[in-house]
Amino acid sequence: MENPKPTPAVATAVVDGSGTITAWSEGAALLLGLPAAEAVGRAAAELLAEPVPPDARASLAALPRWNGTLALRHRAGHVVRAAVIAHRREPDEDGDGWLLVSRLSGGEPRPGEEELAAIAFEQTTAALAIYDTDLRLRRWNEEMARTVGLTEDEARGLRLSEIGGKPQSRDLEQHLAYARDTGRRQDLDTFLRTGGERREHAWAASFVPLRDRSGRLRAVCLTAIDTTEQYAARQRLAVLNDAAARIGSSLDVTRTAEELAEVCVPYLADLITVDLFEPPMEANASAPWRRPMRRIAVRSVLEGCPEALTPTGTLTSYSRHSPQAQALRVGHSVRYALEDPALRPWYEERPQRLARFREFGIHSMMTVPMRARGVTLGVAMLARHRRPEPFVHDDVLLAEEIAARAAVCVDNARRYTREREVALTLQRNLLPRVLPRPTAVATASRYRPAAPHTGVGGDWFDVIQLSGARVALVVGDVVGHGVQASATMGRLRTAVRTLADVDLPPDELLTHLDDLVARLAMETGDQGAAGDVGATCLYAVYDPVSRICQLARAGHPPPLVLPPDGAAPEVLRVPAGPPLGVGGLPFEAVERELPEGSLLTLCTDGLLATRDRDIDAGFALLREVLGGHRDEPLESLCDTVLEALLPADGARDDVALLLARTRALGADRTAFWDVPPVPESVGEARKRVGERLAVWGLGEAEVMTSELLTSELVTNALRHASPPIGLRLILDKGLIFEVCDASSTAPHLRRARSLDETGRGLMLVAQLARRWGTRHTPAGKVIWAELPLPEPLAAGRPDA
């Protein structure tokens, strides 16, 4: 005999988006007496005995699920009221519409269900306890008994504060009373040691009022779930977030190690030491534990870190038995208990080590190698003595993650430091180590690199001796920082010196320099990237004979001049001109007569503009400082200016400062004669030079050489140049001859053949003079030559 088919317990139907029934179960046929063949395809609204309530229609339109009671029409004609749950179907779930579910049977209590409730009470993983209205224990399950460490019989009738005996227990009892008095559930997250355990656990507790069917309060149920693992996971995530935010805030190795220690103590350990190799190890280095390490950071929960035997800054070589060497040897973290047999040889090497650990109660240690980019940088050792629990596997994972982050930051800091040292060394080698000491000016200079986090820039300065006892003063600034900026600075400084030797006026020199920067930009591969190698420059030429200073600038801050008569410092009005490399716009030079003793101040914008001050405020402060220290020696004045204008934590950009106090050559050290365009003028010029040199106290040898040089220069001008012609003699550190004429054609040196009657004059000038050359003037040109003076005479000349 076959088993009878079971009676359906649930009625289900599917209604599509248009309201048509598309599926009909046997339970639905039993509920309304309507077979599937007659139901499928009909409008669902035809089965309603009463209209759907308005609130139900609103819910059906807005919610993914609705539940309520519907009045349905049975096939026999009577009304069937059914509790229905309607689930909205998504378009990807075999079409849209609704799934309707109604229970036919199974909702009545069954025999033995009270016993199931008791079983669930005893076997649930949550700790449950029931307290009566007097807040005395009536029941608790096995999990609560295990948690508290008391059986139900031992604790029955006691209050929660009497069971726990701790301040936290009294606080929990107050929550229990509040739930009883207000009839509202209370939820609480707390930390508590239970059952005699030494370790504190995290608990999620709930206090739920229990009422009977009549609504009368009968008891309060306490539910406690141990959330220690979840709490620890959240804490580990918080520590990692903290490490990401705090470690690596600066490009300083020591500070990065200290930040690692600050993150780990006190959350992960009670003591941490950080040791780094010195110098940094190569990627393929063997036996790293044999190399010395320096103690970079130590941190403890105890003030002064009394547990540590090795202070910071100490260079230490660890033995092969040390925990640090063990971690470096195996390449991963290692955990130890205090009495671990593997540590005995290490303790024997230094007996006071074990005594110190026992004194402070250190019971668990962990060593973590610090590696970045395949290179071992050092090792961190963590220890616990205030926290009773030993290090576990999750602690190891967290420590390794934090150490790995710190190692990358340490490696970045070391790489940056190396690159900065290279750039700074290049920068200093490209700058003049000793400035020349011309007669025209007395000078002093300073260069300050930017703050360590910014990087070395391309600021430079120079003092260049020109013909005619003149001097060129230069200050420039290359865009950017690092080795590239320093290298570009070196190329520009060399170019300026080369162009200065040609004796170009300031505006023409900047024009040629602008073309050079544009070509450098093209060499980068991007013709539109001139800004990447752009620069600014201020170029000034001072003539001590005329006391005229010619200046031009390319996007650079103008200079300041401090008059010697007590007047306030002023900013010289020099047309700005575009930065070098922009091209297309001309540069304009200006002339300014400077009284003897005037102080010229040339600097880069790093001195004037800071984080808290714009360039105009910088000029105002610089004028105030110069005006208040006008009589101070140049060297100390440089230091005074830097101290007053630069922030204590360093400038945001490089700083170049050049101070120059002008001098003048008096009439007693110069002589000028007009040279008529006749052959007899050669002898007359030679005679006048000899007489003036005798007045200046030069010897017969110098006079003969000077007369010969004068003869050649004047003869060359008479033959090849246009009048007017003049001869000027300047007594400086050398003896300077200058012949000016109205011709713009420059002579050139050539080697005369044995039968040539001409061509030997300039060759003779080049052999007699220390230096010679040509410079162009608005009225023509000047051919000059400089003779060295004997040491006693040269030593007697004014010096800077």
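Rule-based calculations on the coordinates, nothing more; no lab input. Computed from a predicted model, the values in this text were never measured in an experiment. Cβ atoms come from the backbone with ideal geometry, glycine included; neighbour counts cover every protein chain shown.
Rounded to the nearest 10 degrees, the inclination of helix 228-246 to the longest alpha-carbon principal axis of the chain is 10 degrees.
With the convex hull drawn over the C-alpha atoms of the stretch 126-175, the volume per residue is 73 Å³. Subtracting the Cα-Cα distance of residue 214 and residue 743 from 0.36 nm times their residue separation leaves 178.0 nm of extension gain. Computed packing ranks the peptides 256-263, 777-784 as 256-263, 777-784, most packed first, by mean other Cβ atoms within 10 Å. For the chain, the average shadow cast by the Cα convex hull is 67.1 nm², which is a quarter of the hull's surface. For the chain, the mean residue ellipticity at 222 nm estimated from helices alone is -10500 deg cm²/dmol, where every DSSP H run of n ≥ 4 contributes -39500 (n - 2.57) and the total is divided by all residues, rounded to the nearest 500. Overall, the stretch 479-590 carries a charge dipole of about 220 debye about its Cα centre when +1 sits on the Cβ of Lys and Arg and -1 on the Cβ of Asp and Glu, all other atoms neutral.
The residue among 502, 151, 227 whose Cα reaches farthest toward the positive pole of the charge dipole of the chain, with charges on the beta-carbon of Lys, Arg, Asp and Glu, is 151. Extension gain, residue 169-residue 767: 0.36 nm per intervening residue step, less the Cα-Cα distance, totals 204.6 nm.
For residue 166, the aspartates and glutamates whose Cα comes closer than 17 Å to its Cα, not counting residues fewer than 8 places off in the same chain, are 189, 197, 200.
Simple spin-label estimate for residue 648 and residue 570 gives 3.8 nm between the two label positions (7 Å along the Cα-to-Cβ direction from each Cα). Each Lys and Arg contributes +1 and each Asp and Glu -1, all at the Cβ; summed about the Cα centre of the chain, the dipole is approximately 1140 debye. Relative contact order of the chain, taken over Cα pairs closer than 8 Å and 6 or more residues apart, is 6 percent.
Show which aspartates and glutamates lie in cross-link reach of residue 781 when reach means a straight Cα distance below 14 angstrom and same-chain residues fewer than eight apart are skipped. Cα-Cα hits under 14 Å: 503, 738, 741. Peptides 325-334, 312-321 ranked from most to least packed give 325-334, 312-321, packing being the mean of other C-beta atoms within 10 angstrom over each peptide's residues. Qualifying trypsin sites (Lys or Arg not before Pro) in the stretch 141-192, where qualification requires a DSSP coil assignment and no more than 15 other C-beta atoms within 10 Å, comprise 156, 184, 185. Positive-end ranking of 161, 382, 357 along the dipole of the chain, with charges on Cβ about the Cα centre, is headed by 357. Ranked by the mean number of other Cβ atoms within 10 Å per residue, highest first, peptides 420-426, 368-374, 630-636 order as 368-374, 420-426, 630-636.
For the chain, the longest principal axis of the Cα atoms and the long axis of helix 680-695 meet at an angle of about 70 degrees. Overall, the stretch 231-418 carries a charge dipole of about 400 debye about its Cα centre when +1 sits on the Cβ of Lys and Arg and -1 on the Cβ of Asp and Glu, all other atoms neutral. Taking 0.36 nm per residue of separation and subtracting the current Cα-Cα distance, fully stretching the chain between residue 50 and residue 617 would add 195.6 nm.
Rounded to the nearest 10 degrees, the angle from helix 615-628 to the longest Cα principal axis of the chain is 50 degrees. Dipole orientation for the chain: of the candidates 23, 575, 429, 429 has the Cα lying most toward the positive pole (charges on Cβ; Lys, Arg +1; Asp, Glu -1). When Lys and Arg each count +1 and Asp and Glu each count -1, what net charge do the other residues less than 11 Å away from residue 124, Cβ to Cβ, add up to? Net charge in that neighbourhood comes out at -3. Here each label is just a point 7 Å from Cα along the line to Cβ, and for residue 26 and residue 678 those points are 14.6 nm apart. All Cα-Cα separations within the stretch 113-226 were binned at 10 Å from zero, giving a P(r) of 14, 49, 32, 5, 0, each value a whole percent of the pairs.
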